[in-house]
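S.K.: Can you keep this structure in mind? I'll have questions shortly.
The values are calculated or read from the model by the stated rules, or taken from the named source; none is laboratory data. Values in this document were obtained by computation on a predicted structure and should not be read as measured data. Neighbour counts run over all protein chains shown; Cβ positions are idealised from the backbone, glycine included. Each accessible area value is taken on the protein alone, full model and side chains, heavy atoms only, with ligands, DNA and RNA left out. Shrake-Rupley method; radii C 1.70, N 1.55, O 1.52, S 1.80 Å.
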Amino acid sequence: MEENIFLDTSIFVQENFLHSKRIQQFLELCSDGKIRLILTIITINEIKSQFKKRAHTAVEIHNGLIKNRDLWVLKNSSESNRLEKFTKPDIITDQFNKQLDEALVKANAKIIDYPVINTKVVFDKYFNGAFPFNKGDKKHEFPDAIALYAIEEWCTAKGKRCILFSKDKDFLKSKMQPGITVQKNFEVFMDQLLKRFNPERMSLVQQIYTDNSVHLDAELSKWIREELDDVSIYTDFTDYYEVHDIEVPLIEVVEKTYTILQVGEEMIDIEVVANVNIKIVLTIDDSETGFYDSEEGEVLFRETTELPIEQELEITFVVSFYIVDKDDYDTMVEVTEFNNGQSIKLENHNRNIYY
């Protein structure tokens, strides 16, 4: 049975538009004819609008930061190209719009044009506060309402069934017409789809992943330990008092689960989500000790105290497998990215205890 998949704008935002391996894999499956992407012209314009808004914000933040003279010392590094000023946001947006249009053509996406609508259906929902007009500024929900109307009309006219993916809670609670299923876990859907299309290789993934579980825990623990050896991440706990020592007595990987991210001819990538318990002991200046030196204008001769920190972290990381078939594969794996390239962030839930 042909699988018709509608992706709400929120899914593209979650997958960083066209950047993530998962969305690239999805579009490739569409191009191969294994599934069919259904979008309305309204949704496409909303995707472009969301990208434009985020591009303007990102460029403003980036270009604002590199004006800080304190960062210019980094120009001495071989990686100083990261300090280059970004081009105008509209140029980036135009490039993305072209890429999106080309990607949808290559994916053989079905684009539903602006529908001829029964305005009574839409306005009845508006005045009754029915989905999608049951939140915030109702007038801003007209694009969603018309897009949903177009999908329902298309499914009815063609006698098709459709799975609609969205992160919007109101979408998930809405009552759609028979034949349209609303789901939120796009990543789980892709995982199941890729496993179905590649059963033999997926069996090897599971086997090799299990065999490398201890190794992956060690790699993850090593990365976490390196991340925690950075005094700057503790300012919310120490109120900027000097940190003299950092000990990490516990890094415990409690649970790991994975989903298939991308399948190539030779390589398979998975995304692992790990729940980790950590304990940290900081040796910091004791705010209750020392005396103020008026000549120096600072507090001198502070004693130190220990500050324990316990955290429950959720860390994602990407693991790559070399698997061609049951006769050509590597038993070792490679971790290619931790935490989507982001540093660890600790949350001080007891902020007032310390100051």
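S.K.: What ranking, highest mean first, results for peptides 266-272, 65-71, 5-11 when packing means the other Cβ atoms within 10 Å averaged over each residue?
M.R.: Going from most to least packed, we get 5-11, 266-272, 65-71.
S.K.: What is the packing order of peptides 308-318, 42-52, taking the mean over residues of other C-beta atoms within 10 Å and listing the highest first?
M.R.: 42-52, 308-318
S.K.: If you don't mind, another one. Using a 1.4 angstrom probe and counting only protein chains, how large is the accessible area of Arg36 in Å², to 10?
M.R.: Arg36 has an accessible surface of roughly 70 Å² with all protein chains in place.
S.K.: Give, as a single signed number, the net charge of other residues whose beta carbon lies under 11 Å from the beta carbon of Val318, with Lys and Arg counted +1 and Asp and Glu -1.
M.R.: -2
S.K.: Quick check: at a probe of 1.4 Å, how many percent of the accessible area of segment 1-101 sits on carbon and sulfur atoms?
M.R.: Accessible surface attributable to carbon and sulfur in segment 1-101 totals 51 percent.
S.K.: Hey, how many Å between the Cα centroid of segment 218-243 and the Cα centroid of segment 176-212?
M.R.: Centre-to-centre distance over Cα atoms comes out at 35 Å.
S.K.: Also, quick follow-up: Order Tyr209, Tyr234, most accessible first, counting only protein heavy atoms with a 1.4 angstrom probe.
M.R.: These residues rank, largest area first, as Tyr209, Tyr234.
S.K.: Next up: Can you tally the net charge around Ala147? Count Lys and Arg as +1, Asp and Glu as -1, for every other residue whose Cβ sits under 9 Å from the Cβ of Ala147.
M.R.: That works out to -3.
S.K.: Could you name the aspartates and glutamates whose alpha carbon sits less than 17 Å from that of Lys88, not counting residues in the same chain fewer than 8 places away?
M.R.: Glu60
S.K.: Using alpha carbons only, how many angstrom separate the centre of segment 266-283 from the centre of segment 14-51?
M.R.: With segment 266-283 and segment 14-51 each reduced to a Cα centre, they are spaced 28 Å.
S.K.: Would you mind classifying segment 213-294 by shape? Square roots of the alpha carbon gyration tensor eigenvalues, ordered a ≥ b ≥ c; an a/c under 1.5 is rounded, otherwise it is prolate if a/b is larger than b/c and oblate if not.
M.R.: Taking the square roots of the gyration eigenvalues as a ≥ b ≥ c, segment 213-294 is prolate.
S.K.: Mind checking the per residue accessible area of segment 201-343 for me, 1.4 Å probe, whole number of Å²?
M.R.: Accessible area per residue: 56 Å².
S.K.: Next question. Under a Cβ-Cβ cut-off of 15 Å, what is the net charge of the residues other than Ser203 that fall near it, where Lys and Arg count +1 and Asp and Glu count -1?
M.R.: -2
S.K.: Take the solvent-accessible surface of the protein heavy atoms, probe 1.4 Å, and return the percent of it on segment 167-275 that carbon and sulfur atoms account for.
M.R.: With neighbouring chains kept in place, the figure for segment 167-275 is 46 percent.
S.K.: Taking the alpha carbon gyration tensor of segment 146-281, what are the square roots of 5 times its eigenvalues, largest first, to the nearest whole Å?
M.R.: 42, 25, 11
S.K.: Which number gives the lysine pairs in segment 154-306 that have C-alpha atoms under 15 Å apart and are eight or more places apart or on different chains?
M.R.: 5
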